Amino acid sequence: MRVFTAVIAIAAGVLVLGGYFFPALADVQTLLLNWAIILAGFAALVGIFNLIAVHMGKIRGHEKGRTYSALLIIGLVATFFFGMILRPQHAMMKIVMNGIIIPTEAALMGILTVSLVYAVIRLLRRRADMMGIIFLVTAALLMLGSATLPFGNIPLIGTLLHPWITQILALGGARGILIGVALGTLTTGLRILFGADRPYGGN
Amino acid sequence: MSDMIKCPACGESNLSDQDVCQYCQTRLPDVTIKPGQIPTRKNTAELEPILPQWLRDARDSAREDDQQGAQQKLDQPESPQSQAASATNDLLAGLQAQAGNNDEGDMPDWLASIMDGPSKTTNPQTESSDTDEMGLAGKVDFEDDVVAELSSDEEIPSWLAELKPAEPQPDENDGANDWLHDLERPEQARQSELPESFESSFTDSSASDTPDWLRQMAAEENVKNEGAPADISADVFADAPELSIDTPDWLQAMRDQEEAAKSADSEGSSGSSFGKSDAAENPANGDLTDWMDSLPKDEETKQGAAPVWLSNDEPLPLSSAAEPGDNPDWFNSFQAVPAFQPERPFAPADSPPHAESEDSQLSDNLDALFTDMPDWLSDASETPPSSNLMPNADMDEIAPGDLPDWVQAMRPADSGDSQSSPASLSPSDQTLETHGVLAWLQGVLPAAPGFAPTSKPKAYSIKLQASDEQQSHAALLERILAAETAPVPIVSFSVLKTSRALRWFLAFIFLLIIGIPLFMRTQIFSLPEGVPLSVNGAMQVAQSIPEGAPVLVAFDYEPARVGEMEAATAPLFDQLMLLRHPYLIFISTNATGAILAERFISGPLAVHNYQYGIQYLNLGYLPGGQMGIRAFAQNPRVTTPSDMSLSSAWDSAPLEGIVSLSQLAALIVVTDDADAARTWIEQTESVRGGIPLVVISSAQAAPMIQPYFESWQISGLISGLYGGALFEQYNAGRPGTARSYWDAYSLGMLLAMALVFGGGLWNLILGLRDRIAIREAQ
């Protein structure tokens, strides 16, 4: 059975990969990708049902936080049915989006801002080494360079230091990360194609 | 009393630390044997260099006397007693060979004359005994020796030759000497008597040298085995020791065979008599030859034919047994040093005796003579010293003048002290030397097995005797080992208490500083100056899009970043909708992206009054991540056949006639995730053709997307509020979203920078103070 699954996975990978290089395999590639899209959508639906089952279990078990589980299930079911009936373009759905989802997530981002500032302030209290100091100074310079003064950019920092940091240092680091990601993706893909890694099951 | 040494000369006990005896001034031996120590075997040849010169001279003179005596004996006719001594020497020669002493230089002449001389005389019975011994040594030696010796015509010993005419019974004499006469017969006559099988079993050389009786024995064995193809010669020789004893009737058979051979010579037939003679064997006579049978029956014959030493049951006196000069040196040393036993004792005295019978008594006695030590030899060692205290003057052939003076002084024969105090000596030390240079010396050569420790082993204390320095080193080692095994506590940082007040202070100050400009809509801070290349590229794309061209917009950001993303995106789309009136097709790989797109059209861009299905279209959610994007880029009609309202998307005005991405005017990706931007860039690169791609990202994802712009994989990049503010300046300040946020943004950045810098410096000082305090406390 494991061999069978490995053969299917490798064959699908080879066909999809060949679609990038051979136009004759483009239709096969599209077919396989559409199957993958359907499976991904179904997986999202399975995930939703799993979420409901977990929180229903908490409610039945009278576990701690079952009130939040009840709110989650109520909101999920209500949004689902209203979305299916009213459609996303409906004003009611826009109110739900603009009045609940966006402010909640934006508030979390605001709390994250306060928490990050707090952590950076306390950083040198715990770890007063060179890397901590460099991290702190770099963050301060980038924030200072991103802002402007009433009379324009901050001299030397906003006009020279900030662009140099973002376009040279940050860009170099980002390229290195991207190259690493590309090599890792290539290696992982080849290992899966050769059957060395079987994330779909088996050893 | 525990460490006493007994003087070997006077027998008095002395302290162990003394070198000489305090009574007789004799040098005390060094006690080297410790209790429990196993004596090691030593080669006496190693003692040769330390032998005193006077002893060597005495030995040489003894050898010269031996040679002279042997020469005289050769000149004189041998008496029975001398023959007995010769036989004894022959026996001792065998012992010498067994002991592995191959030093021919020490071999006496009489032994050399016997072994190497042309007139070598061998007793058949002695040959049988030799055969027994050689049978133990190996078959090969037996074959070589026996066949060669039996084949010689001079094998008859002299004493046996003398025995023959003294036989009183001629019939038995014939039986005993027929085979001897047969040895003198022509070889051809003997060859003709052999059967074919027996003849073929021998090699040419062995067949010619083998006596008839031995061949006849083999033939008998062959007849018994009825043609067994085994190597007869090997079997015969292997069984030869037994045959020599257990073949009593082979001589009888030979006698009968002789008569049959004589008749066969005349009749010309032979060979068949083997079976007949074999069948006529008498088991009752089977253990002794005829001439040996006659020996116990006729006492006179035995006395007259056998040597005197063979016939005497009583042990011979030591003086008459042999002259001291006749004994080889090695034999004397063998007698004096009993601890050194040869590897193979020549006389297996403890070997199992043969089956005894009255008829074979003499045969056993004869075997015992060749296997056991003669009585005169055993008497010499077993005779009590009291019976032989008087030495024979003839035995001491060494001139007294050859001895050193101190040896002369030590000789107890002169003083008679050895007789006076025998009771003081231990039984093991009572061996009295009767001849040689050590004559009348008692206990000079003590037997090693008789040595016993006379003192208890010294008691040693088991308490460790260690100096102070050694004890200090040991204590240091113990501390080191204890430190190695002691658990090391894990270094842990002190957990900082959460400053709830600081958090509240930060939240309050941020809300205050950011809230006031937002609510007051102040425009104090100036917009950023300068246009980066990435923003400039986005401007050029916006200006290059044809009028009313379809533009695909991917909304892939989270609702939490709506404020930043809408402020960064609005200026570009405002310019496009204002100037180019493109058809906008929204699609999202995020579940909330489709609703955020509706919010974006109906929010910041509401002034353009774009109508769904006419000027823009929302394809909704595209599942599958990278696979969905690739499938959509490959065949958009198949992947997303309908829009968010479940109506046919590709029949609407925005997508009319569009079958691939390359037919679109531009692709704009609005995302806060660098991976989403990378996926759109990479998966659509091969199918989008030459259409421009612009990425509008958050400030967080901009550094990861910037390399794609540097490598010209994307046409423009607008990142965060900073990029939106830049683009908005070139859009105549429309729609003004970035401008409304800019004062709060700038104040928030300055405040955060001040808090991070000031708070970090303050906490750095506090941290240094804590570390100094900890070090001082330690």
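Could you please state how large a percent of the accessible area of region B:691-778 is carbon and sulfur, counting protein chains only and using a 1.4 Å probe? Present the calculation step by step, with values, prior to reporting the outcome.
Working: 2390 of 3760 Å².
Heavy-atom surface of region B:691-778 belonging to carbon and sulfur, 1.4 Å probe: 63 percent.
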Legend entry - Residue-averaged beta-carbon neighbours from other chains (10 angstrom radius) around A:108-118: 6
Inset, instruction - Would you rank B:Cys21, B:Cys10 by solvent-accessible area, highest first, keeping every protein chain in place and using a 1.4 Å probe? - result: B:Cys10, B:Cys21
Inset, instruction - Equivalent ellipsoid semi-axes for region B:670-773, as square roots of 5 times the alpha carbon gyration tensor eigenvalues: give them largest first, rounded to whole Å. - result: 38, 21, 9
Inset, instruction - Compute the accessible area of each residue in region B:675-721 twice, once for its chain alone and once with every protein chain present, using a 1.4 Å probe on heavy atoms, and list those whose area falls by at least 30 Å². - result: B:Arg678, B:Pro703, B:Met704, B:Gln706, B:Pro707, B:Glu710
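Using only the Cα atoms, what convex hull volume per residue in Å³ does region B:533-741 have? Write down the numbers at each step before the final one.
On the way: hull volume 20.7 nm³, N = 209.
Residue-normalised Cα hull volume stands at 99 Å³.
In deg cm²/dmol, rounded to 500, what helix-only [θ] at 222 nm does chain A give when every DSSP H run of at least 4 residues adds -39500 (n - 2.57) and the total is split over its residues? Please list the in-between numbers first.
Working: 7 runs with 148 residues, N = 203.
So the helix-based figure for chain A works out to -25500 deg cm²/dmol.
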Inset, instruction - Determine ³J(HN,Hα), in whole Hz, for all residues of region B:764-777 in sequence, where each value follows from phi through the Karplus function 6.51 cos²θ - 1.76 cosθ + 1.60 and θ = phi - 60°; x replaces Gly and Pro. - result: 5, 5, 5, x, 5, 5, 5, 5, 5, 5, 5, 5, 5, 5
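I need the Kirkwood Rh of region A:126-194: take the reciprocal of the average 1/r across all distinct C-alpha pairs and report it in angstrom. Write out the running numbers ahead of the final one.
Working: mean 1/r = 0.0680 Å⁻¹.
Answer for region A:126-194: a Kirkwood hydrodynamic radius of 14.7 Å.
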Inset, instruction - Provide the percentage of antiparallel DSSP beta bridges, counting only those with both residues in region B:533-741; round to the nearest 5. - result: 5
Inset, instruction - Quick one: which residues, 5 or more positions from B:Ser642 or on another chain, have an amide H under 5 Å from its amide H? H modelled 1.01 Å from N in the peptide plane, none for Pro or chain starts. - result: B:Ala649
Inset, instruction - Tabulate in residue order the Karplus-calculated ³J(HN,Hα) for region B:561-575, using 6.51 cos²θ - 1.76 cosθ + 1.60 with θ = phi - 60°, rounded to whole Hz; enter x for Gly and Pro. - result: 10, 4, x, 5, 6, 5, 5, 7, 8, 4, x, 5, 5, 5, 5
Legend entry - Interface residues, region B:568-611 - accessible area loss of 30 Å² or more versus chain alone, probe 1.4 Å: B:Ile595, B:Glu598, B:Arg599
Legend entry - Three-way shape label, chain A, alpha-carbon gyration tensor, a/c 1.5: oblate
Legend entry - Interface residues, region B:729-766 - accessible area loss of 30 Å² or more versus chain alone, probe 1.4 Å: B:Met749, B:Leu750, B:Met753, B:Val756, B:Phe757, B:Gly760, B:Asn763, B:Leu764
Legend entry - Label-point separation in nm, B:Arg479 to B:Ala773, each point 7 Å along Cα→Cβ: 3.3
Legend entry - Per residue value of the accessible surface for region B:625-778 (all protein chains in place, 1.4 Å probe), Å²: 40
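Could you run the numbers on buried accessible area between B and A, total for both chains, 1.4 angstrom probe, in Å² to the nearest 100?
Working: alone 44330 and 15740 Å², together 54440 Å².
Buried: approximately 5600 Å² between A and B.
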Legend entry - Protein accessible area in region A:126-194, 1.4 Å probe - carbon and sulfur %: 79
Inset, instruction - Equivalent ellipsoid semi-axes for region A:13-81, as square roots of 5 times the alpha carbon gyration tensor eigenvalues: give them largest first, rounded to whole Å. - result: 42, 12, 7
Legend entry - Under 16 Å from the B:Ser526 label point (7 Å along Cα→beta-carbon), backbone N, region A:148-192: A:148-160
Inset, instruction - Report the label-to-label distance for A:Val7 and B:Ser61 in nanometres (one decimal), using points 7 Å from each Cα along the Cα→Cβ vector. - result: 11.1
Inset, instruction - Return the FRET efficiency for the residue pair A:Met84, A:Phe42: r is the Cβ-Cβ distance, R0 is 30 Å, and the value is rounded to the nearest 0.05. - result: 0.95
Inset, instruction - Per residue of B:521-529, count partner chain C-beta atoms within 10 Å of its C-beta, then hand back the mean as an integer. - result: 4
Legend entry - Accessible area per residue in Å² at 1.4 Å probe, computed on region A:126-194: 59
Legend entry - B:Lys458 accessible area, assembled protein chains, probe 1.4 Å, Å²: 150
Inset, instruction - Taking H placed 1.01 Å from N in the peptide plane, check which residues at least 5 places from B:Lys6 or on another chain put their amide H under 5 Å from its amide H. - result: B:Asn14
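What length, rounded to one decimal in nm, is gained on full extension from B:Trp406 through to B:Ala501, with 0.36 nm per residue of separation minus their alpha-carbon distance? Please list the in-between numbers first.
Details: separation 95, 0.36 × 95 = 34.20 nm, distance 11.78 nm.
Result: 22.4 nm gained on full extension.
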Legend entry - Amide hydrogen neighbours beyond the local backbone of B:Gly436, cut-off 5 Å, H modeled: B:Glu397
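The values are calculated or read from the model by the stated rules, or taken from the named source; none is laboratory data. Note that the coordinates shown come from a computational prediction; the quantities given were computed from them, not determined experimentally. Using ideal geometry, Cβ is built from the backbone for each residue, glycine included, and neighbour counts are taken over all protein chains shown. Heavy atoms of the whole protein, side chains included, go into the accessibility calculation; ligands, DNA and RNA do not. Shrake-Rupley method; radii C 1.70, N 1.55, O 1.52, S 1.80 Å.
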